[in-house]
Each structure stands twice: as C-alpha cells, then as structure tokens.
Amino acid sequence: MSMVIKERIKGFICVTAHPGGCHKNVLSQIETIERSAKVPTQFKKAVIIGGTTGYGLSSRIAATFGAGCGTLNISLERPPRTGRTASAGWYNTVAFEQIARNKGYFARTLNADAFSQATKERACEIVRSEFGDIDLLIYSVAAPKRVDETTGISYQSVLKPIGEQLTSKTVNVATRAISDVTIAAASEAEITATVKVMGGEDWAAWVETFLAAGLLNKNFKTLAYSYIGSPITAAIYRKGTIGRAKDDLEQTAMQLNEKLAASKITGAASISVNKALVTQASSAIPILPLYVSILYKVMKEHNLHEDTTAQIKRLFSQISRLEQEKTTHSKSHSQWPPLFRLDDFELNPSVQAEVSRRWNAVNEANLSDMADLTGYWNDFLGLFGFGRKDIDYDLEVEENLPLDLF
C-alpha cells in the first residue's frame, strides 16, 4: 500500500518519517564519506549499538564506506504497518543496508532491546557465526528508559538540573517564540534513574558479554559518545542529570580499559566528546535548541560547522593516524586517548565568546540575525526524511519497507 506522507510534529518529535527522504539522507552521507580519502584502520568487523540515527548512523556509514567494515547493528526501531510509517531509524537502516550489501559489505540488524541480556546473548551468536570475533564496538544508545532485568524496576531518564531549579531562555522552533522556561531540580531518585539509563553500565555489559564469550579480537577497541558543552548549557546538561550520566560513562571507559588489560587484550575503551548538533535526542533538551541555533550561525560564519558525518569522519581520521603511528614506531598497540575531543571547534574561545554575546542579546525581533533557526528547523525535519527539495511530498510512496532482520 502506498500513501502520502507529511511531517506530523508532536512536541519535540516528529511522529512520521518519509522513506524516500530517509533514503536520500543516508545516500548523501555515504557519498560524502566515499568522496573523502579512505581511512585505513585495523577495523573490519564492527558492532554498532544504536546505529540507526545521529552519531550512531554516521558511525556505521563511516565504518563501512570509509574503513571497509562489515557491521552488525543492534537497535530497537518501530517497523511500519499498513497506514502508519516506520520510525526514521527503520527507514535509515533499510537504505543503509540495501546500499551496503549492493557494494559487497556485510550489513545486518538485530532489532531488539539493547539493554536486554537476551539481546546480548543473541548478538554473540550472530557474531560467532558471521564474524568469528569483532575488533570494534561503538555504543550510541539514546533511549529514554530501561528495565533492570534483575530487579524488574523500570528507570526513566530525566533532563533536569541538580541542586536547584533552573530558569533560562528557550525557543519554540516552529513558532520562533522565545520564552523563559523553569525546570525543577532533580530528585536523588531521578538522578539515579538517569545514570542507570544513560550512564556506562550497559556499555560495560556489552563489552563484558563479548569478552566472556571470547569474541573480542586481541586489538579490540570500543567507543561511546559524550558531550561537555558550553557554560550556557552547563546547568541543564553537564552539571545536570544527563551530565551525571556522562560522568559515569567516562568512568566506565577507565574501568573497561582495566578489564581489557587484565584479559591480555591490547585494546582500548575511549569516549568521543562531540559537538552540539540537531539530533532526535538533543531536540528534547530544554535550552539546547536556542543554543544550537546560535551556535550554528556562529560556526558557519567562522567556517567551522560540522554535521554528524563530518564529525565522525574526523574521528575516524584521528583513529587512522593513531594506527599509522603504531606501524611507524613499531608499537605493540596504538595509544588511544581517554577522550577524543571533537568539540574543539565548538569550544573555540572566539566561537564561545560570540555565542555568549548573542545569547545575552537575542530576542524575537533580532532572532534571524543572531541565530540560524532556519538551519536548525531544516536539520530537524531532515532527521525524519522531510524538508528535502528533491522529494515531492505530495506523491504517494510505499511505507511498508521490510528489513532483513536476524
């Protein structure tokens, strides 16, 4: 069955997705990577946890079309049904896997709850059968909740400050109205829940499960993604509940390095600290849309703006240089830093000074001069396959696209 698909916005999310637009978005990212110089790395067999949107999808694309990896993706996306679209992540995955397989790459998905131990065990079976072992695991999960299988307790993450309530500016991206928003301080239970959902516990569980199963290559590497950000966003982000979770994530990297070393695996666990961008996850964070809109304008004026593809391409280039240093200096293994700082352009002092000036001066009358709200809105719609000039959104399209799932 075919249908006309238009964007339908509810709150900070779009509840529809356009398969044709998602396909073109993925193809555009792939072409960007293919136009770039190849990034030779040791990676040939990768598991991506959350490889359907945002940084996770860009990581899968860069790993495959930049470094030549076969990839297994683990994610939980909404499939289509008659008269209802799938999630954008589903359509992104359909597009990616179709293109990747046509070019000879292994590309499959396990559509299941990443927090579940049963999912981890099933992934081990697939890796054992298809890869033998893995040399890269990227963890890019942005789920709002999880259930602890041991206790049965459900944990819901919250985006709140810690210690005291926060009042700050925000913008309604659709109406361009600027207003103050007050966010209550998180309770201890909310802080604990957010760390449980967004911290490093599940990342560690994935690595430990593969390690116990003997499925990690001796030079295995693993990455997770984090954000530090500006003083403007600190109260709601780095000093808030999500920041507490990111602290836990970074602590987990150190613990994983100790476990890998004890297992005689000359591998590494690192965090990539990325820049602020429009993603499905970031659009839910109060204050961030206005900050990101101003940041976009300033970084574009400084010719420093990067999207997720450019960020991950730069990350893989840094990794490739580390691998080349290993070969050049005859090291037994490459020395990965605890943090890959891809937020350096965002935190450039001149960029942050101008962002701060505009943040203090912005109002509805000068919003277009101070911020790139149009760019933000276009990127937001683009997450779901909308807003493209090369798609006629009045035409019917087939919404029921299947995935070849495990």
What percent antiparallel are the DSSP beta bridges of the stretch 86-235, to the nearest 5? 65
On the formula 1/(1 + (r/R0)^6), with r taken between the Cβ atoms of Lys145 and Ala185 and R0 of 30 Å, the FRET efficiency rounded to 0.05 is 0.90
Separation of the stretch 27-42 and the stretch 107-136 by C-alpha centroid, Å? 25
Can you give me the relative contact order of the stretch 2-398 as a percent, contacts being Cα pairs under 8 Å and 6 or more apart? 21
Roughly what would the spin-label model give for Lys44 and Ala174, points 7 Å off Cα along C-beta, in nm? 5.0
Going by how many other beta carbons lie within 10 Å of each one, how would you line up Trp203, Trp336, fewest first? Trp336, Trp203
Which parts of the stretch 87-116 would a label at Glu125 reach, counting a residue when its backbone N lies under 14 Å from a point 7 Å out along Cα-to-Cβ? 110-112
What fraction of the DSSP beta bridges in the chain is antiparallel, stated in percent and rounded to the nearest 5? 35
Sorted largest first, the Cα spans of the stretch 310-406 on the principal axes come out in Å as 58, 50, 22
Using only the alpha-carbon atoms of the stretch 2-398 as identical scatterers, what base-10 log of I(q)/I(0) does the Debye formula give at q = 0.06 Å⁻¹? -0.23
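No value in this document is a laboratory result; all are computed from the given coordinates. Just so we're clear, the structure is a prediction, and the values are computed from it rather than from any experiment. Here the Cβ is made from the backbone with ideal geometry for all residues, glycine too, and neighbour counts use every protein chain on show.
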